[in-house]
Each structure stands twice: as structure tokens, then as C-alpha cells.
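The numbers here are math on the coordinates, done by the rules we state, and not lab data. Quantities reported herein were computed from a predicted structural model and do not represent experimental measurements. Here Cβ is always computed from backbone atoms with ideal geometry, including for glycine, and neighbour counts include all displayed protein chains.
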Amino acid sequence: MSKYEIVGLMSGTSLDGLDISHVIYTKETDSWSFELKNANTYRYSDDLKRQLSNAKEKSVPALAALDKEFGREMATMVNKFISENKLNKANINAIASHGQTVYHQPQNGFSYQIGCGSTLAYLTGIPVINDFRNKDIIAGGQGAPLVPIGDKLLFNDEADAFLNLGGFCNLTFQSNDGSWKAFDVAPCNLPINKLAELKGQEYDKNGALAKKGSIDFFLLDLLNNLPYYGMDIPKSLGTEWLDHEFYPLIKFNKNTEDNLATITEHVAIQIAKNLNDREIRSVYITGGGSFNKFLLERIQHHTAVEIKIPTDDIINFKEAIVFGFLGALYLSKESNNLPSATGASKNVICGVYHCP
């Protein structure tokens, strides 16, 4: 039996804050299990959130400086988390950090996440594993999604499929041939939050704004016919796609509630279509979007699939838990990508190790 005590860090495209999980991962023979000991989210300051949001527009020197600054900020948050939960650093095998994605361009051979691993390791005194996406891309994959290895090895008994409603929504499922598939279905919280901010809100709580609006069927048709939805899997989305393909279709000076109603309906239709086409019977939903009651209602309107919602800790911290698990697999010298999901040519051990 092997045990790994890992602090997992996740910073998603929604920029809600840094999700931190403290988990014990246990391997017995060929079976993995986990115990979530502590978890918390540390909100970003307005200045840091603004810098991260505008990161892709920065010059190379400015982006390099932000990489170091974000590494320092993450270290401060991790040290606070360790202090608040009275953890012994000597017992922690590693910090496994996703970082903040600035560019995701697998078609050009790279994905770039900031949050300097060496800075984080030095300032916490704990080894850090980060940069989980690029080895998969080097092996011919999309570098995403990586969460399916956790769905397969940690959550397999919960449902037929797994849906994460984050900045983008992604689906993991087991195909008829037994292989695991995963892909980004559509955008989710990123455009919804962007519109909610026009109403002075950080997000559309419970989908209340969208529920007030009326669907713009012309816009809905344009969104549903974007070329991405007709592409074969594996495939993945990044903010570049939103900027170049999605946002140009939306008239942001129009009624915000109507735009929110239309985009929420679009997301629900794309999710339901993929669940229905794959004859999925039950789906386990996590991520911030699972608190959007109206979105869940619209998904259920378009599909008879059983929707399963876990505890709030799993909803909020599943990705941090799984990236911690990628770190445990790295330390166990086991592959931590799923080529059937990412399109990589082979299993590889993703990640870069930084000594304190």
C-alpha cells in the first residue's frame, strides 16, 4: 500500500480564486482511493484578478513578471492554508498546481499556465509539480482534459458520465468499447459571468437573470451552428476561441437578461445533445455551474438523463482534488493522462517537478 499527502491547487478560467485541497491518496494493489482532509478557496484581490484576466494581452517581460508574482501569491495562500489547518509541512509529499492558463493552443504545440513552480516551492518549502499539460501535447494530444484520469480511477462508481460546469463545460464518459473519452462541450461560466458583470453581479446567482430573459432564437441558432460543435473528439476549448468565434456573435449592448437566457439555453442544449447522443443514463455534475439552478433545469428539460449532484466540497474542489491526484500519480511513476481522452499517441507522466 502507498500513501501520498498532496496539496492540490486549481485556478480556473472563471478566476473565482485559488481552490486548495489537502488530500490523502491511497493505492492498494491496482485501486486508488482518496480522503479529502481540508479544502478552501482564497479569493484574488481585484488587482490580481484584473492582471490575470488581461494576462494574454501583456508583453513577454510583463507576463514573465506576472508568472513570478502569481507564484508568490499562491505561496502566500498555501502557507495561510497550512497554518489555518495546522498541517505539518514535513508530511506533505508535494503541491500539485494547475496554474492559471494564459494560452491554450495545442494546434500550435503548447499550452501555457503561469504561477512559477520554483517560486512556489521555494516560498513554501514543499516540492511542487506543475505544467501538467505540455507533455501530453508533445505526445500529440490536446493537453486537455486531464480530469478524466480522476473520473476513471477515483469517481468511477458514481455515474455513467461526469460533467464539470466551469469556465467551460467538459464531459467524461466511457464509450462502448470500454475506452474513456472526454472533451470540452461548450463554454459555460465564462460568458455567463461576463454578462452578469454588466448588471453589477459577479455571476448569475441561481440563473435568476437568465430566467427573467427571453431567448433570442436568431442568436441561439448562430451559437448552435458554430463549427466547433461539429468537430470530432478529442477536442478542447480555450479563451482564444471565445474571443475569436463566440463573443463576436453577441451584441453586448442588447438586453443582458435576453443574452443570458439565450446563452444558458445554448449551453443546456449542447450538454443535453451530447448526453443523449451517447445514450448516457446518469451524469455526475460538479463545478461552480452546478449551483446554477436554472441551467440545471434547462439541461433536464432537454434530456431524461439522471442528474447527480454531489456534496458541496466535491462540487467546489473536485478539480483541485484531481490535480492533486495527478501529482500522486507522478510521484508513483504512473502515467497520468488518458490518450483516449486527449488524443495523445501514448500514456505519459505529465508534470514538472520543482525542488524547494
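In nm, to one decimal, how far is the T26 label point from the D232 one, both placed 7 Å along Cα→Cβ?
With each label placed 7 Å out from Cα toward Cβ, I get 4.3 nm.
Using amide H atoms built 1.01 Å from N in the peptide plane, name the residues 5+ places from N38, or on other chains, whose amide H lies under 5 Å from its own.
Excluding prolines and chain starts, which carry no amide H, the hits are H22.
If the only charges are +1 at each Lys and Arg Cβ and -1 at each Asp and Glu Cβ, what is the size of the charge dipole of segment 159-309 around the Cα centre, to the nearest 20 debye?
380 debye
Straight-line reach from K211: which lysines fall under 23 Å, measuring Cα to Cα and dropping same-chain residues less than 8 apart?
K194, K199, K251, K254, K273, K293, K308
Among rounded, prolate and oblate, which fits segment 151-250 when a ≥ b ≥ c are the square roots of the eigenvalues of its C-alpha gyration tensor, a/c under 1.5 means rounded, and a/b larger than b/c means prolate?
Note, shape of segment 151-250 comes out prolate.
Rounded, prolate or oblate: which fits segment 229-348, taking a ≥ b ≥ c as square roots of the Cα gyration tensor eigenvalues, rounded meaning a/c under 1.5, else prolate when a/b beats b/c?
Because a/c hits 1.5 or more and a/b exceeds b/c, segment 229-348 counts as prolate.
Starting from the Cα of K205, move 7 Å in the Cα-to-Cβ direction to define the label point; list residues of segment 293-315 whose amide nitrogen is under 18 Å from there.
Correct set: 293-296.
Mind checking which aspartates and glutamates have their Cα closer than 12 Å to the Cα of K89? Skip sequence neighbours fewer than 8 apart in that chain.
Of all the aspartates and glutamates, those that pass the test against K89 - Cα under 12 Å, at least 8 places apart if same chain - are E5.
Among S332, C355, L237, pick out the residue whose Cα is farthest towards the positive end of the charge dipole of the chain, where Lys and Arg carry +1 and Asp and Glu carry -1 on C-beta, about the Cα centre.
C355
Within segment 6-112, report the trypsin sites (Lys or Arg not before Pro) that DSSP leaves as loop and that have at most 13 other Cβ atoms within 10 Å. Display every interim value, and only then the final one.
On the way: sites: K27, K37, R43, K49, R50, K56, K58, K68, R72, K80, K86, K89; in loops: R43, K58, K86.
Taking segment 6-112 and a limit of 13 other Cβ atoms within 10 Å, the loop trypsin sites (Lys or Arg not before Pro) found are R43, K86.
Once phi is turned into θ = phi - 60°, what whole-Hz ³J(HN,Hα) does the Karplus curve with 6.51, -1.76 and 1.60 give for every residue of segment 252-265, x standing for Gly and Pro?
Karplus-based 3J(HN,Hα) across segment 252-265 equals 5, 8, 7, 4, 5, 4, 5, 4, 5, 4, 6, 5, 4, 5 Hz.
What distance in nm separates the simple spin-label points at R43 and Y103, each placed 7 Å from Cα in the Cβ direction?
The modelled label-to-label distance comes out at 3.3 nm.
Between N88 and I138, how high is the FRET efficiency from 1/(1 + (r/R0)^6) when r is the Cβ-Cβ distance and R₀ = 41 Å? Nearest 0.05.
The calculated FRET efficiency here is 0.70.
Match the structure shown to one of the listed values [x] 57, 47, 38; [y] 78, 51, 42; [z] 63, 42, 39 of Cα extents along the principal axes in Å, computed from it, and give that label.
[x]
Give me the dipole magnitude in Debye, nearest 20, for segment 1-118 about the Cα centre, with unit charges on the beta carbon: positive for Lys and Arg, negative for Asp and Glu.
220 debye
Cut-off under 27 Å on the C-alpha distance; same-chain residues fewer than 8 positions from K135 excluded. Which lysines are left, in chain and number order?
Once the sequence-local lysines are set aside, what remains near K135 is K3, K27, K56, K58, K68, K152, K181, K235, K318, K333, K346.
At R0 = 35 Å, how high is the FRET efficiency between D277 and V352 if r is their beta carbon distance? Nearest 0.05 is fine.
So, using R0 = 35 Å, E works out to roughly 0.40.
Taking square-rooted eigenvalues a ≥ b ≥ c of the alpha carbon gyration tensor, is segment 1-100 rounded, prolate or oblate, where a/c under 1.5 means rounded and, failing that, a/b exceeding b/c means prolate? Working shown, then result.
Values: a/c = 2.48, a/b = 2.05, b/c = 1.21.
Prolate shape, in that a/c is at least 1.5 and a/b is the bigger ratio.
What percent antiparallel are the DSSP beta bridges of the chain, to the nearest 5?
Of the beta bridges lying entirely in the chain, close to 75 percent run antiparallel.
Roughly how many nanometres apart are two label points built 7 Å out from the Cα toward the Cβ at S332 and E197?
3.9 nm
About the Cα centre of the chain, what is the dipole size in debye to 20, counting +1 per Lys and Arg Cβ and -1 per Asp and Glu Cβ, all else neutral? Before the final figure, lay out each step's value.
Details: 34 positive and 41 negative charges, 113 e Å.
Dipole magnitude for the chain comes out near 540 debye.
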